Amino acid sequence: MSPKFKSWGVLMLAGVLLLSACGGGKGGEGAAGTGGNAQSSGAGSGAEGPANISWLNILHTPSTPTGPILPKIEEITNTKLKISWIPDASKEERINTALASDSLADIVTLTILDNSSVRNAIKNGMFWDVEPYLDEFPNLASIPEDTRRSASIGGKLYGIPFQKDLARNGVVIRKDWLDKLGLPVPKTTDELMNVAKAFTEQDPDGNGVKDTTGFVDRSDLIYGAFKTLSSYFGTPNNWRVSEDGKMTPEFDTEEYIKTMDYMKTLYDNGYINKDFAVTAKNDQQQAFAQGKAGIYVGALFDAKNLLILSKGIQDNMELALVNNITPTGKEEERAIWAANNGIGGLLAFPRSEVKDEAELKRILKFVNDLMDEEIFTLMTYGVEGVHFTADAQKAVTIKDSDVWKQEVQPFASSRPKEFGYEIHDADPLKVESTKLIAENAKYAVLNPAYSLESETFTTQGSELQKIVTDATYQYILGKIDLNGFKAAVENWKKSGGAQIISEYEAAYKEVNSK
């Protein structure tokens with residue numbers, strides 16, 4: 001466990017998980033129910049037969065899954081599952097309806113929480129506190145203490161946390177362009193800037209036309225380039241806490257300003273696409289694949305997709321993945337922000353559906369089983385020989401991408417844990433990205449306010465953030481100067497930000513007084 005990770009463990013004892021949720025009723029209105037003809041919503045049956053379990057789940061793909069995956073899961077776990085799939089785009093509306101009508105399911109997938117209805121339901125005890133039962137099940141018992149604390153609400157764990165990689169981001173660079181221009185893989189922020197300059201000015205694709213940029217970015221200060229670059233400059237992850245408990249938002253730090261200055265230099269010199277502030281992710285990736293730019297900052301595993309997109313367009317593309325950039329190149333400066341402290345949400349169990357401890361334990365056993373490698377394999381790759389082949393080292397190759405997308409991919413977002421298994425993708429870029437993402441965990445910087453309570457943040461946080469987001473873009477694009485940006489920060493404070501700071505500091509004090 002890294003010092004950066006451990007240092008915030010104490011902060012995770014109270015507050016509210018920044019989740020908002022999905023929703024819908026059992027078999028819900030407009031939901032597609034799939035599963036084994038469950039006759040009841042409870043986890044009955046026990047040893048005499050399969051347990052009937054209903055699950056209100058989120059669908060991140062265009063259509064609900066067909067094929068052998070669900071029957072296989074039911075067979076292995078001795079269950080009959082009734083899954084009501086809720087399209088991701090309508091999850092907040094559906095959960096509000098489900099909570100209001102008390103029409104939930106044995107398992108409810110909760111993903112993000114800036115939804116006051118969900119937060120109130122959780123704080124009011126609608127869902128089981130599962131922590132007292134975790135150690136009865138081997139996979140659930142292995143959930144790290146830091147993860148449990150990050151996912152806790154008011155000191156209680158109201159569901160099984162989705163465990164995701166702590167820090168997935170880094171830099172993907174055209175290695176073939178570096179080689180053509182005689183440049184090394186950058187290790188410092190200045191070297192990265194020099195690569196961006198060279199990719200813009202020195203015709204790295206050799207077509208004799210000045211038609212490339214260094215960076216290609218998108219309209220996203222979090223999952224685009226900005227937040228990852230800000231990590232490299234030492235910006236805190238959302239909040240910084242001093243030894244005496246004073247909290248400072250990331251945008252009120254010198255490191256944040258350094259990041260804006262870096263991005264402004266890229267923009268002013270044309271080393272980044274001029275329309276980055278209005279570019280969608282798909283357009284960003286297509287531009288990179290088409291050879292319009294040579295530096296992509298985002299999830300390291302995006303490299304595989306970038307290479308796939310380039311086929312037939314940039315067939316000679318070679319990529320380098322970088323996760324160790326700092327201002328000076330010193331190892332001790334390495335840092336990368338942790339997305340949601342590695343928590344992807346909760347699998348929660350409503351007391352209205354799960355009536356007693358015996359029923360809860362049967363459902364927890366099912367979730368525990370989902371974390372076994374056999375079921376992880378089913379939900380990630382499918383059935384061996386049908387959807388994939390694997391070599392002696394458990395390196396997987398998908399046989400038919402279209403079949404996999406229809407029959408397997410919809411289950412991937414439902415895995416309670418996404419890492420730590422022996423089976424793996426055979427693709428070299430995926431192997432490399434997995435390795436670097438695991439390495440990132442040692443340098444991950446957590447958000448110390450992630451599980452703290454602020455009523456003002458709950459009700460006004462999103463709107464207030466727009467003040468700072470707009471000012472950040474305006475500064476980078478040269479529409480306001482530093483004084484203008486600082487004025488926007490003061491406006492944030494006067495409009496409710498100062499109250500958020502005060503509430504977080506009080507919550508922090510309460511946690512540390514226990």
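The values are calculated or read from the model by the stated rules, or taken from the named source; none is laboratory data. All figures in this text were calculated on a predicted structure; none of them were measured in a lab. Note: ideal-geometry Cβ built from the backbone for every residue, glycine included; neighbour counts use all protein chains shown. The protein model used for the area step is the full one, side chains on, heavy atoms only, and it has no ligands, DNA or RNA in it. Shrake-Rupley method; radii C 1.70, N 1.55, O 1.52, S 1.80 Å.
Miscellaneous remarks
- Rounded D (µm²/s) - the stretch 176-224, Kirkwood Rh over Cα pairs, Stokes-Einstein at 37 °C, 0.692 mPa s: 280 µm²/s
- Spin-label pair F419-D402: with each label point 7 Å from Cα along the Cα-Cβ axis, the two points sit 3.5 nm from one another.
- The stretch 239-322: C-alpha gyration tensor shape, a/c 1.5 cut-off, then a/b vs b/c: prolate
- Cut-off under 5 Å, modelled amide H: who pairs with L157 long-range: V130, E131
- Stokes-Einstein diffusion for the stretch 276-423, with the hydrodynamic radius set to the Kirkwood value over Cα pairs and evaluated at 4 °C in a medium of 1.567 mPa s, equals 67 µm²/s.
- Considering only the chain, percent of DSSP beta bridges that pair antiparallel, nearest 5: 60 percent
- Among L110, A98, M126 - extreme Cα towards positive end, dipole of the stretch 91-137, charges at beta-carbon: A98
- Evaluated with a Cβ-only charge set (Lys, Arg +1; Asp, Glu -1), the chain carries a dipole of roughly 420 debye about its Cα centre, given to the nearest 20.
- Backbone N atoms of the stretch 269-299 closer than 20 Å to the 7 Å Cα→Cβ label point of K479 belong to residues 269-281.
- Heavy-atom accessible area per residue - the stretch 63-208, 1.4 Å, Å²: 38 Å²
- Inter-centroid distance (Cα atoms) of the stretch 188-247 relative to the stretch 468-514, Å: 22 Å
- Expected 222 nm ellipticity per residue - DSSP helices of 4 or more, -39500 (n - 2.57), all of the chain, to 500: -11500 deg cm²/dmol
- Backbone geometry of the stretch 149-165 corresponds, through the Karplus equation with coefficients 6.51, -1.76 and 1.60 at θ = phi - 60°, to 3J(HN,Hα) couplings of 5, 4, 8, 7, 10, x, x, 10, 9, 8, x, 7, x, 6, 8, 10, 4 Hz, x marking Gly and Pro.
- Dipole magnitude of the stretch 387-501, debye to nearest 20 (Cβ charges: Lys/Arg +1, Asp/Glu -1, about Cα centre): 320 debye
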